[in-house]
Structures are given as C-alpha cells and as structure tokens.
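No value in this document is a laboratory result; all are computed from the given coordinates. In this text the structure is predicted, and so the values were computed from the model without any measurement. Because the Cβ atoms are built from the backbone with ideal geometry, glycine has one as well, and the counts that use them run over all protein chains shown.
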Protein chains: 2
Amino acid sequence: MTAPTTRNRRVRLAKRPDGMPDDGVWDIDDADVADIEDGQLLVRVDYVSMDPAMRGWLDDKRSYLPPVAVGDVMRAIGVGEVVASRSDGFAEGDHVTGAFGVQQYAVATPASLTRIDLSMAPLPVFLSVLGSTGLTAYFGLLDIGQPEPGDTVVVSAAAGAVGSVAGQIAKIIGCRAVGIAGGPEKCRLVVEEFGFDAAIDYRSEDVAQRLRELCPERIDVYFDNVGGDILDAALTRLDRHARVVLCGAISQYNQGRMRGPSNYMSLLVDRARMEGFLVLDYADRYAEARGRLAAWRDQGRLRSREQVLEGIDMFPEALRMLLRGDNSGKLIVAVR
Amino acid sequence: MTAPTTRNRRVRLAKRPDGMPDDGVWDIDDADVADIEDGQLLVRVDYVSMDPAMRGWLDDKRSYLPPVAVGDVMRAIGVGEVVASRSDGFAEGDHVTGAFGVQQYAVATPASLTRIDLSMAPLPVFLSVLGSTGLTAYFGLLDIGQPEPGDTVVVSAAAGAVGSVAGQIAKIIGCRAVGIAGGPEKCRLVVEEFGFDAAIDYRSEDVAQRLRELCPERIDVYFDNVGGDILDAALTRLDRHARVVLCGAISQYNQGRMRGPSNYMSLLVDRARMEGFLVLDYADRYAEARGRLAAWRDQGRLRSREQVLEGIDMFPEALRMLLRGDNSGKLIVAVR
C-alpha cells in the first residue's frame with residue numbers, strides 16, 4: 001500500500017531553548033509521508049495537545065521520558081483518523097489517539113493507539129477532559145490527593161486545562177474547591193464556569209492571606225500545577241496530614257535553576273506529604289476513568305473549554321502562550 | 001507536703017535568637033522549688049535531651065508546638081526520679097521521663113509521665129535509643145519510609161543520634177544503608193560502629209557523585225535530617241516510588257529564610273513522595289517500639305553512643321554544639 005500523495009508538514013526541534021522557546025528553536029518543513037510496513041498504520045493527525053510538560057521534554061536532562069532529540073519531530077499527543085492500515089485491530093476510518101508528534105501524518109503500531117468513540121464527545125475533547133489532561137486531573141486528585149467529602153481542595157492554575165478538571169472533580173465528590181488563577185477573567189471562569197467555591201487572583205491578591213480567609217479549616221489537598229511562590233503560600237496553610245499533589249511547576253519551567261519550596265518543612269509540622277505522579281502509570285485504568293469523566297460530562301457536571309489554534313505553524317506560538325498562561329482552557333493546535 | 005529545701009536551677013529564654021543562639025539568649029538562675037498540689041508530683045531531673053528541634057521552638061512562628069515564651073523555662077525532654085508525690089500511680093523513687101524542661105526540678109502530673117524500667121538500660125539511654133531519639137528513627141524509618149528488605153536506604157546526619165539509629169534499623173530489617181556525615185571521624189563511626197554499608201563525607205566529597213557510585217540501584221528511602229544541598233543531591237538519585245522521610249533540616253535552622261529543595265520535581269519524575277512526621281503522634285505505640293528497640297540493643301544489634309555534658313550551665317554551649325554538628329552521638333546534659 002502506498003501512502004497518500006500529500007506531504008507531511010511537521011515541527012522538528014532545531015536546537016535546545018534557553019528560557020522561553022523562540023521560533024528559532026523549531027524547524028518546520030514538509031516531508032514525504034512515510035510508507036507503512038506490515039503491522040503498521042498511517043494516522044492523519046487532526047489535533048495535537050499542548051501540554052506544559054512539553055517544555056521539560058526540550059531540556060537535555062533526566063526525566064520520566066528521554067528528551068526530544070535535536071532533529072526529531074516534537075513529541076505531542078494527538079487525535080486523528082487511520083487513513084491506511086497494514087495491521088489487525090484498526091481499519092481506515094477509525095479514530096484514534098496516541099503520541100503522534102507535531103506533524104500531519106504519523107506511522108503507528110496498534111499497541112501505541114487507543115480507539116476513540118466519537119459518540120462520547122467531539123474529537124478535540126479527547127485531548128482535554130477525556131484525554132491525558134482529564135486523566136491527569138482524575139488520577140492526581142483522586143489517587144494521590146485522596147480527598148474525602150468535606151475536604152478543602154485548593155488548585156493552582158485553576159483556569160487551566162488540568163486545574164479546571166481537578167477542581168470540578170473535587171466538587172463532584174463533595175469537597176470545597178478554591179482555585180488560584182491569574183487575572184480577573186480567569187478567576188471569573190473558575191467560579192462561574194467551573195463551579196469552584198472561590199478564586200484567588202495571584203496577580204493582584206496576597207495568596208497566603210487569601211488562603212487564610214478562604215480556607216478557615218486549612219487545606220486538605222493542594223493540587224499544584226505551578227510551583228514557586230504559590231506553592232510556598234499553600235504550604236503555609238496545610239491541614240494536618242494534608243496531601244500536596246505535584247502535577248507540574250509551570251512557573252519554573254523557563255527558569256535556569258528551579259527554586260524549591262522554602263516552606264517545605266510545613267510537611268513536617270503538619271505531618272503532610274508531597275507526592276508526584278505521572279498519568280502514564282495509570283494506563284490500565286484509563287478506560288474506567290474515561291468512562292466516569294464522560295458520564296460527568298454528559299450530566300453537565302464537568303465542563304471543558306478547548307481553545308483551538310488553526311494550523312500546524314501555530315505550534316511555536318501556542319507553546320509560548322501556554323507557558324505564559326495566556327490561553328483560556330485546553331490549548332489545542334489543529335494540525336490537519 | 002513541702003518541697004525539698006534545695007533550689008531549682010533552671011534555664012529560661014531571655015530573648016529570641018537571631019541565627020545561632022548565643023549566651024545572651026538565656027537566663028540561668030536559681031528559683032525556689034515549687035510546692036506540689038494534690039494530683040501532682042515533683043521530679044528531680046537528672047538528664048535532659050538535646051534535640052535539633054529545640055532551635056525551632058525558639059522562633060516565634062507556627063509549628064507543631066507553640067514557641068517557648070520569653071521568660072519561660074526552656075522546653076526539653078528529660079529523665080529523672082520522683083522525689084515527692086501527691087498523686088496515684090507514681091511513688092517516690094520511681095524513674096520517669098517527660099517534658100520537664102531545662103531545670104533541676106519539675107512539677108508534673110501522672111498523665112505527662114512515662115515510667116522507666118532501669119532493668120532495660122541505664123537512665124541516659126532513655127533519652128537516646130529508648131527515648132524520643134530512637135522512637136523518631138523507628139517510626140520515621142518504618143512507618144513513613146516503609147523500607148523493604150533489599151531496599152537502599154540513605155540517611156543524612158548518619159552519625160547523629162537519630163540518623164545512627166535509623167541506619168541501624170535499616171540494616172536490621174535487611175536493607176542496604178548508606179550514611180552521609182561530616183568529616184572522616186564521623187564517617188568511620190557510621191561504618192565501623194553503626195554498621196552502615198558505606199559513608200559519604202559531605203565536607204570533602206561530592207555527595208551527588210558518591211550517591212551515584214554507592215547507590216547503583218538508586219535510593220528507595222531517603223531519611224533526611226539536614227535539608228539544603230544534601231537533600232537536593234539525594235533527590236536526584238531517587239528510585240521510582242521512593243520515599244523521602246522529612247525528619248529535620250538542621251542545615252537550615254539558623255538561616256533567616258529556609259531554602260527549599262531545588263530538585264523537588266524529582267518527586268514527580270520518580271513518582272516519589274516526601275513526607276513529614278512527628279514522633280508525638282505515635283504515643284500509643286511507644287511501648288511496642290521501645291520493646292523492639294530494647295531487644296535489638298540487648299542483642300548487640302543496635303548500638304548507641306551518648307555524649308553527656310556535666311552541669312546545667314552547659315546547656316547553651318550544648319545547643320550550639322548540636323547545631324554545629326560538633327557532638328558525637330546523642331548529646332545529653334546532666335542537669336542534676
């Protein structure tokens with residue numbers, strides 16, 4: 001079988017960034033669409049997910065995945081459609097998700113793919129609430145945070161893709177949810193659209209002071225996406241045996257050297273723990289979680305916002321928007 | 001009943017320290033021994049335990065216990081003998097331990113006392129291996145660290161009172177133990193006297209490099225007493241699902257502002273957790289733990305060193321020795 005005669009536009013890493021990744025970090029070109037071999041499929045990639053973790057993949061240091069090599073297609077999770085198949089299990093026309101990279105066509109194997117049922121939700125939603133974003137919030141909050149009804153759950157980057165889902169799940173299971181976000185518009189979204197009980201604007205308010213006011217019974221679960229000063233403020237307000245869920249540290253990703261939480265000894269004073277996790281470790285429970293998330297979404301209890309930028313050439317700016325916090329909702333690039 | 005006609009020499013907090021507590025921080029004087037009322041006992045305090053946590057009690061900030069008030073007797077755990085009793089449960093001549101403060105006579109109630117059986121060990125040992133020092137190592141390592149046989153356990157301040165016990169317990173339950181200590185003499189003690197598999201001298205060696213060499217299968221449990229650069233080095237070498245036990249941060253106690261662990265995001269990369277604890281929370285299991293510790297000590301598997309400074313007036317210098325790391329083994333002041 002021959003690959004379609006179109007070209008494959010792709011975004012490759014040209015050099016490692018220093019701080020915020022500028023356009024020179026990327027090499028965008030058109031290549032031939034690869035031929036597939038027995039056991040492989042060709043996927044037309046429609047959308048790719050923009051994730052803060054991408055910034056970490058650009059640095060040449062030890063992490064949970066190897067760094068993206070200079071010259072390689074940028075790593076990204078995508079959704080798309082099988083357009084050619086020489087393998088069992090998937091046929092042309094099937095919708096799938098996988099780590100396709102920032103490109104328009106990807107060669108894949110069945111083991112690396114998950115089938116998408118479009119009767120559950122539109123395609124981009126499988127990159128937000130029903131994708132790794134929603135799954136990250138789900139397992140981070142429920143498995144690492146272990147909230148109980150009545151607990152106070154505080155979420156940073158609460159208007160963001162993961163944070164907004166974490167806070168909504170907290171509400172669904174009967175917790176009080178307080179979100180931290182930057183600017184009045186995001187704070188409005190946090191309360192009015194995502195249903196948090198309260199929001200703190202870290203750009204104009206004293207976060208530690210507001211946490212004292214808004215969490216009179218202290219914090220049982222702090223779901224951290226940002227690190228830095230906000231993590232430090234939350235640490236001063238932990239309840240005894242609190243759980244700090246380390247999901248990300250977006251405030252630090254463009255810093256040369258990470259700054260650790262000065263108030264980490266609150267973990268001792270409050271007999272609390274801080275724990276990291278990776279959604280990849282929960283693959284055997286994705287289906288179960290996706291089912292619950294979809295049900296909540298169908299019931300109108302779990303809202304998602306997707307902000308879709310059109311065109312693969314938007315990728316470099318999309319990443320900067322994400323790292324600056326200028327996006328609103330789950331940021332997605334339509335690469336098709 | 002009248003109190004003995006002796007005087008009670010005591011160490012009171014005269015003012016809060018800035019950095020290392022100098023002599024001017026303390027007011028040492030002689031007071032009348034207080035009369036006891038019904039339900040109270042008078043304890044002659046023989047020894048008090050020197051603990052790094054004391055430094056934290058001097059600062060006027062939120063912690064697991066209120067700060068020592070200016071003018072109050074310095075808080076300390078001691079061992080001694082009941083010399084007068086107007087309560088049930090304890091009689092003159094009983095040996096007891098409790099939070100007596102740095103003074104020669106303390107008024108106590110039965111609920112605040114634990115009886116000591118001198119057939120188990122000499123009196124000072126109830127401030128070291130069989131006291132809160134040993135109990136801290138026991139619960140911190142076993143309950144928070146949850147080591148399994150074959151695990152690699154790394155302990156900082158490994159020649160110190162708590163660290164030396166933590167490492168020995170790790171060995172007893174079948175782990176590999178690597179200690180970090182300052183200077184060749186302490187490192188020799190760690191290996192030769194306390195039986196760790198290896199020691200790293202943080203004053204002359206590159207801790208991160210040595211951890212790479214000595215922990216080829218990475219670190220399963222890191223028992224931290226020091227914070228700072230050593231904590232950061234250990235974080236870079238965690239195994240997946242590792243446990244970092246926060247027992248103390250002695251390197252930071254005299255700093256104006258604590259420095260947090262820059263490498264804390266290793267907790268995410270390695271799906272690891274960092275957790276604090278307080279031995280006070282395990283009071284209902286002290287007897288069980290003390291029994292095991294005493295048995296290990298009797299079998300010669302758990303060694304303790306006590307360094308006893310004679311005279312209550314030694315307290316200010318003893319605290320500085322402890323904070324500088326100039327002691328060798330469990331530091332105790334004989335106040336009698």
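Measuring nothing but how far apart in sequence close Cα pairs (under 8 Å, 6+ apart) lie, relative to its length, region A:132-280 scores a relative contact order of 23 percent.
So how do A:Ile116, B:Ile219, B:Ile173 line up by other beta-carbon neighbours within 10 Å, fewest first? Mind showing how you got there, number by number?
Numbers: A:Ile116 21, B:Ile219 24, B:Ile173 14.
Fewest-to-most Cβ neighbours within 10 Å comes out as B:Ile173, A:Ile116, B:Ile219.
Exposure proxy shown here: for B:Thr136, A:Thr114, the number of other Cβ atoms within 10 Å sets the order, fewest to most, as A:Thr114, B:Thr136. Of A:Arg12, A:Arg290, A:Arg62, the residue with the greatest mean-square motion in the GNM of chain A, using alpha carbon springs below 10 Å, is A:Arg62. Among B:Val129, B:Val25, B:Val162, the largest mean-square fluctuation in a Gaussian network model of chain B (Cα springs under 10 Å) belongs to B:Val25.
A helix-only calculation puts chain A at -6000 deg cm²/dmol for mean residue ellipticity at 222 nm, using -39500 (n - 2.57) for each DSSP H run of at least four residues, averaged over all residues. Computed over chain B, relative contact order equals 18 percent, with contacts defined as Cα pairs under 8 Å that lie 6+ residues apart. When the Cα positions of A:Gly80, B:Val226, A:Tyr64 are compared along the charge dipole of the protein assembly as shown, B:Val226 comes out farthest toward the positive end, with charges on each C-beta of Lys, Arg, Asp and Glu. Dividing the C-alpha radius of gyration of region B:193-336 by 2.2 N^0.38 Å, with N its residue count, gives 1.21. For the peptide B:239-247, the mean number of other protein chain Cβ atoms found within 10 angstrom of a residue's Cβ is 3. Scanning chain B for GluC sites (Glu not before Pro) that sit in a DSSP loop and have at most 12 other Cβ atoms within 10 Å, the longest stretch containing none of them is B:93-216.
The angle between the Cα long axis of helix B:315-324 and the main principal axis of chain B comes to about 0°, on a 0 to 90 degree scale.
Between helix A:161-172 and chain A there is an angle of about 50 degrees, using the helix long axis and the longest principal axis of the Cα atoms.
Report, in whole Å, the centroid distance computed from the Cα atoms of region B:140-207 and region B:72-105. Their Cα centres are 33 Å away from one another. About its Cα centre, the dipole of region B:1-98 is roughly 360 debye, where the only charges are +1 on Lys and Arg Cβ and -1 on Asp and Glu Cβ.
Between the residues A:Ala157, A:Val191, A:Leu267, the greatest Cα displacement towards the positive end of the dipole of region A:132-280, with unit charges on the Cβ of Lys, Arg, Asp and Glu, is found for A:Leu267. Averaged over the residues of A:275-282, the number of partner chain Cβ atoms lying within 10 Å of the residue Cβ comes to 5.
Sorted from shortest to longest, the distances between the A:Gly150 label points of this copy and the other copies are 4.2 nm, with each point 7 Å from Cα along the line through the beta carbon. Considering the rotation that superimposes chain B on chain A, the residue of B whose beta-carbon lies nearest the axis, and that distance in Å, is B:Gly260, 2. Basic side chains Lys and Arg get +1 at the Cβ, acidic Asp and Glu get -1 at the Cβ, and with that the dipole of chain A about its Cα centre reaches some 680 debye. Straight-line reach from A:Lys61: which lysines have Cα under 28 Å away, leaving out those fewer than 8 places along the same chain? Result set, ordered by chain and number: A:Lys15, A:Lys330. Relative to the longest principal axis of chain A, what angle (0 to 90°, nearest 10) does the C-alpha long axis of helix A:286-298 take? Roughly 70 degrees between the two axes. Label points for B:Ala34 are taken 7 Å from Cα along Cα→Cβ. From this copy to the others they lie 7.8 nm apart, shortest first. Each of A:Ile200, B:Ile172 was scored by other Cβ atoms within 10 Å of its Cβ. Arranged with the fewest first, they read B:Ile172, A:Ile200.
Write down the Kirkwood hydrodynamic radius of chain B, to one decimal in angstroms, obtained as one divided by the mean of 1/r over all alpha carbon pairs. Mind showing how you got there, number by number?
Details: mean 1/r = 0.0487 Å⁻¹.
It works out to 20.5 Å.
Averaged across A:50-63, how many Cβ atoms of other chains sit within 10 Å of each residue's Cβ atom? Present the calculation step by step, with values, prior to reporting the outcome.
Values: counts 0, 0, 0, 1, 0, 0, 3, 0, 0, 0, 0, 2, 4, 5.
Partner Cβ neighbours, averaged per residue: 1.
If we count every other residue with Cβ under 14 angstrom of A:Arg273's Cβ, Lys/Arg +1 and Asp/Glu -1, where does the sum land? Mind showing how you got there, number by number?
Numbers: positive: A:Arg240, A:Arg243, A:Arg271, B:Arg243, B:Arg271, B:Arg273; negative: A:Asp143, A:Asp220, A:Asp224, A:Asp239, A:Asp270, A:Glu275, B:Asp143, B:Asp224, B:Glu275, B:Asp281.
With Lys, Arg at +1 and Asp, Glu at -1, the neighbours total -4.
Farthest toward the positive end of the dipole of the protein assembly as shown, out of B:Leu142, A:Pro52, B:Pro216, is the Cα of A:Pro52, where the dipole comes from beta carbon charges about the Cα centre. Each other copy holds its own label point for B:Asp281; taking that point as 7 Å from Cα along Cα to Cβ, the gaps run 2.0 nm, nearest first.
Region B:293-336 and region A:1-71 have Cα centres spaced 60 Å apart. What's the whole-number percent of alpha carbon pairs in region B:132-280 lying beyond 18 angstrom? Considering region B:132-280, 50 percent of its Cα-Cα pairs are separated by more than 18 Å. Note on chain A: with a GNM built from Cα contacts shorter than 10 Å, the maximum mean-square fluctuation among A:Leu42, A:Leu135, A:Leu118 falls on A:Leu118.
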